[in-house]
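Right, one structure below, let's go through it.
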Amino acid sequence: MVSSETVVERILQKLDSSGAQMVVVVDDKKRMLGSITDGDVRRGLLRGESLQSKAYKIMNHNYRFMYNDSDESNAYEIMKKESLRYIPILDKDGVIKRIISLNEFLEPEKIRNPVVIMAGGKGMRLRPLTEDCPKPMLLVGGKPMLKILLEQFIASGFEEFYFSVNYLKDKIINHFENGERWGVNIRYINEDKPLGTAGSLKLLPSNIKRPFIVINGDVLTRLNTIQLLRFHIDHDALATICVREYEMKVPFGVVQVDGVELKGFKEKPRIRQLVNAGIYVINPALIESIKDGQVIDMPELLLNESNESRRVTVYPIHEYWLDVGRPESLEEAHATWEELK
């Protein structure tokens, strides 16, 4: 439970530390004012709120609840019907007594949605480290980044993997083989020539029917991929792109003008932008838009689809995320990744 004045950053810490997906906002008498889920946080970030915003700015006021004198055996049917994962139980004064979770009724299942990991890049910005080692095989914390990604997805229940390979592909194939050591199935998309982050998807088998996750092989993240998949399905999207807020500090005073007239100054402002995080969820129907042998990257493909009024949704990442594509980010990975274990 948190107060309405608690900042978003603290709420996220509470969610992460407890493993829960919802916190309740209460007043000083423990009466429920609202609820905050991971989805509420992400929607708030998309509206322009920040990690320092207060709980009341992002909380859901129209939450579903049950009174503690009602028949709780109906909770499962309510959650199924209304697509809820939690129902707070309140007394007649609105004081929260407990929270019923959908997980109390469900057995964990293996996830049949495939994962495609893009591992074919040459890693030119990381030379000479990548002269004889594929970029996704560079070590972080004593383990190849590609192995870190694989084991994270396995821990979440994923079993079907496709590695898109090109540069020094034998080093990847010889290390992971068919995935039997991990109890999963790994197949390889072999690009004879680089086709871009979207073009190689055309090489996937035509029998894939479920939405699949695509992730760059040089991304380290603590993103909850199951929540991402649910978001994509709940929004009935053709594709979902993950974004990350990136902040730049202008080291000078910015002059504000109207034509040739001075209007003001803004001293060393911070500019926030959403950047592509290199993680996507794709419906198989999207592959039909890619021509055989076409060289195309994911941003171009998704923008084309969006311009054709096909639904492409945006999913903000607030968890740890790092694109290990430059020497300085590789150094950052060495410094930070071990602390997150």
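Here the Karplus curve 6.51 cos²θ - 1.76 cosθ + 1.60, taken at θ = phi - 60°, turns the phi angles of region 52-62 into couplings of 9, 5, 7, 4, 5, 7, 10, 6, 8, 7, 9 Hz, with x standing for Gly and Pro. When MET137, MET248 are compared by accessible surface with a 1.4 Å probe, the order from highest to lowest is MET248, MET137. At 1.306 mPa s and 10 °C, plugging the Kirkwood radius over alpha-carbon pairs of region 38-167 into Stokes-Einstein gives what diffusion coefficient in µm²/s? The calculation lands on 82 µm²/s.
Quick check: at a probe of 1.4 Å, how many percent of the accessible area of region 183-341 sits on carbon and sulfur atoms?
Values: 4300 of 8760 Å².
Of the solvent-accessible surface of region 183-341, carbon and sulfur hold 49 percent.
Its Kirkwood hydrodynamic radius, worked out from the mean inverse distance over all distinct Cα pairs, puts the chain at 22.5 Å.
For region 240-295, the mean projected area of the C-alpha convex hull, equal to one quarter of the hull surface, is 7.3 nm².
Using only C-alpha atoms and all pairs of different ones, pull out the Kirkwood radius for region 92-173 in Å with one decimal. For region 92-173, the Kirkwood estimate is 15.7 Å. Which distance in Å, rounded to a whole number, links the C-alpha centroids of region 304-341 and region 134-173? Using only Cα atoms to place each centre, the spacing works out to 16 Å.
Solvent-accessible area per residue in the chain equals 54 Å², computed with a 1.4 angstrom probe and all protein chains kept. Within the straight-line cut-off of under 27 Å between alpha carbons, the lysines reachable from LYS97 are LYS14, LYS29, LYS30, LYS54, LYS57, LYS80, LYS81, sequence neighbours fewer than 8 places apart in one chain being disregarded.
Cross-link partners of LYS193 among lysines, defined as those whose alpha carbon lies under 29 angstrom from its own and excluding same-chain residues fewer than eight positions apart: LYS122, LYS135, LYS143, LYS147, LYS169, LYS171, LYS202, LYS209, LYS291.
The angle between the Cα long axis of helix 8-18 and the main principal axis of the chain comes to about 80°, on a 0 to 90 degree scale. The accessible area of ILE233, taken with all protein chains in place and a 1.4 Å probe, comes to roughly 100 Å².
Helix 145-155 and the long axis of the chain differ in direction by around 40°, with both axes built from C-alpha atoms.
Scaled against the 2.2 N^0.38 Å expected of a compact globular protein of N residues, the Cα radius of gyration of region 247-341 reads 1.61. Magnitude of the charge dipole for the chain, about its Cα centre and with charges confined to Cβ atoms of Lys, Arg (+1) and Asp, Glu (-1), is about 280 debye. A 1.4 Å probe, protein heavy atoms only, puts the accessible area of ASP27 near 40 Å².
The values are calculated or read from the model by the stated rules, or taken from the named source; none is laboratory data. Note that this is a predicted model, so its numbers are computed, not measured. A quick note on method: Cβ atoms are made from the backbone with ideal geometry, for glycine too, and the neighbour counts reach across all protein chains shown. Note: areas computed on protein heavy atoms with side chains; ligands, DNA, RNA excluded. Shrake-Rupley method; radii C 1.70, N 1.55, O 1.52, S 1.80 Å.
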